[in-house]
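J.: This is the structure I have questions about; it appears just below.
The values are calculated or read from the model by the stated rules, or taken from the named source; none is laboratory data. Not measured: the values here are computed from a predicted model. Positions of Cβ are backbone-derived with ideal geometry, glycine not excepted, and every protein chain shown enters the neighbour counts.
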């Protein structure tokens with residue numbers, strides 16, 4: 001069924017239905033070259049607003065971004081540069097949000113979506129979706145680090161210990177690299193857990209959520225849409 005013009009414009013990011021109605025009535029909207037004045041007009045052709053073509057709005061946004069270091073997961077211009085600046089304008093118009101944030105100095109896999117249910121399933125503490133991080137560490141780490149991660153660590157300022165987590169440690173020529181798997185998402189959790197064991201995170205990168213790996217061919221700053229199969233992998237814990 002054709003969609004009303006005001007509903008179509010609102011879905012395309014031109015404010016609320018009320019805003020869209022006012023936009024149409026102001027004579028700023030044309031369809032197939034003809035100015036429209038009735039917000040209830042059915043959309044059957046190409047839409048132009050203020051002389052600029054408008055792409056047909058998606059039903060929703062399901063995407064991933066390879067977040068580079070230096071960008072904030074925020075919508076506040078005062079915190080620029082922002083992840084928003086790496087994404088199409090339509091993402092911001094439609095209110096896309098991040099399913100679990102990465103701090104400015106952390107790179108890697110970030111899910112961006114308008115799907116509130118997906119965000120809930122990926123981030124709610126009871127879901128226990130595994131996230132995998134790779135880090136370069138300045139040590140030394142305590143000898144019982146692996147055991148402490150597996151038992152859960154009571155971090156300063158938190159009421160409860162962390163859920164059991166896994167850490168694989170590889171030391172070569174004085175440098176330490178670790179792989180951490182978490183099933184929750186506390187504030188700066190990897191950095192704080194490593195610090196509690198005597199180390200300091202120098203570089204941090206998230207490369208997997210659930211059973212979905214950050215694609216090798218997606219460069220830092222790049223993004224792509226997710227299909228249903230990819231979303232299913234995000235929600236599935238990999239061994």
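J.: When you go through 50, 19 one by one, which is the residue that is touching a residue at least 12 places away in the same chain (Cβ under 8 Å), closer than 28 Å to residue 87 by Cα and not assigned by TED's automatic domain parsing to the domain that holds residue 227?
T.: None of the others qualify; the one that does is 50.
J.: Could you list, in sequence order, all residues of the range 58-101 that are touching a strand residue (DSSP E or B) at 6+ places or on another chain (Cβ under 9 Å), part of a helix (DSSP H, G or I) and surrounded by fewer than 17 Cβ atoms within 10 Å (Cβ to Cβ)?
T.: 79 - this is the single residue of the range 58-101 that is touching a strand residue (DSSP E or B) at 6+ places or on another chain (Cβ under 9 Å), part of a helix (DSSP H, G or I) and surrounded by fewer than 17 Cβ atoms within 10 Å (Cβ to Cβ).
J.: For residue 229, which of the numbered conditions (1) closer than 21 Å to residue 73 by Cα; (2) assigned by TED's automatic domain parsing to the domain that holds residue 83; (3) out of contact with any helix residue (DSSP H, G or I) (no Cβ under 9 Å at 6 or more places or on another chain) fails to hold?
T.: Residue 229 satisfies all of (1) closer than 21 Å to residue 73 by Cα; (2) assigned by TED's automatic domain parsing to the domain that holds residue 83; (3) out of contact with any helix residue (DSSP H, G or I) (no Cβ under 9 Å at 6 or more places or on another chain) except (1).
J.: Contact list please: Cβ distance under 8 Å, first residue in the range 133-149 and assigned by TED's automatic domain parsing to the domain that holds residue 178 and at positive phi, second residue surrounded by 14 or more Cβ atoms within 10 Å (Cβ to Cβ) and in a strand (DSSP E or B), pairs at least six apart or on different chains.
T.: Going by the 8 Å Cβ cut-off, there are no qualifying pairs.
J.: When residue 33 is evaluated against the numbered criteria (1) more than 29 Å from residue 224 (Cβ to Cβ); (2) in contact with a strand residue (DSSP E or B) (Cβ under 9 Å, 6 or more places away or on another chain); (3) buried (at least 16 other Cβ atoms within 10 Å of the Cβ), which criterion, by number, is the only one it fails?
T.: Only one criterion is unmet by residue 33, namely (3).
Yes or no, residue by residue, for (1) more than 18 Å from residue 143 (Cα to Cα); (2) at pLDDT below 95; (3) not assigned by TED's automatic domain parsing to the domain that holds residue 96:
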site: 161; (1), (2), (3): yes, no, yes
site: 167; (1), (2), (3): no, no, yes
site: 170; (1), (2), (3): no, yes, yes
site: 180; (1), (2), (3): no, no, yes
site: 184; (1), (2), (3): yes, yes, yes
site: 187; (1), (2), (3): yes, yes, yes
site: 196; (1), (2), (3): no, no, yes
site: 203; (1), (2), (3): yes, no, yes
site: 239; (1), (2), (3): yes, yes, yes
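J.: Oh, and also: Residues that are without any contact (Cβ under 8 Å) to a residue 24 or more places away in the chain: list the strands (runs of 3 or more DSSP E) wholly contained in the range 162-239 that include at least 1 such residues.
T.: Where strands (runs of 3 or more DSSP E) fall fully within the range 162-239 and carry at least 1 residues being without any contact (Cβ under 8 Å) to a residue 24 or more places away in the chain, they are 166-172.
J.: Determine, yes or no, whether residue 12 is out of contact with any strand residue (DSSP E or B) (no Cβ under 7 Å at 6 or more places or on another chain), buried (at least 17 other Cβ atoms within 10 Å of the Cβ) and outside the structural domain of residue 228 (by TED's automatic domain parsing).
T.: No; evaluated as a whole, the condition is false for this residue.
J.: To continue, here is another question. Quick check on the range 190-205: of everything there that is surrounded by 16 or more Cβ atoms within 10 Å (Cβ to Cβ) and within 21 Å of residue 66 (Cβ to Cβ), which residue is nearest to the chain's Cα centre (by Cα)?
T.: Filtering the range 190-205 for residues that are surrounded by 16 or more Cβ atoms within 10 Å (Cβ to Cβ) and within 21 Å of residue 66 (Cβ to Cβ), the one nearest to the chain's Cα centre (by Cα) comes out as 205.
J.: Something else now. Checking residue 84 against (1) more than 30 Å from residue 203 (Cα to Cα); (2) without any contact (Cβ under 8 Å) to a residue 12 or more places away in the chain; (3) in contact with a helix residue (DSSP H, G or I) (Cβ under 8 Å, 6 or more places away or on another chain): exactly one of these is not met. Which one?
T.: (1)
J.: Does residue 127 satisfy being in a helix (DSSP H, G or I), modelled with pLDDT under 95 and over 12 Å from the mean Cα position of the chain (by Cα)?
T.: For residue 127, the condition - in a helix (DSSP H, G or I), modelled with pLDDT under 95 and over 12 Å from the mean Cα position of the chain (by Cα) - is not met.
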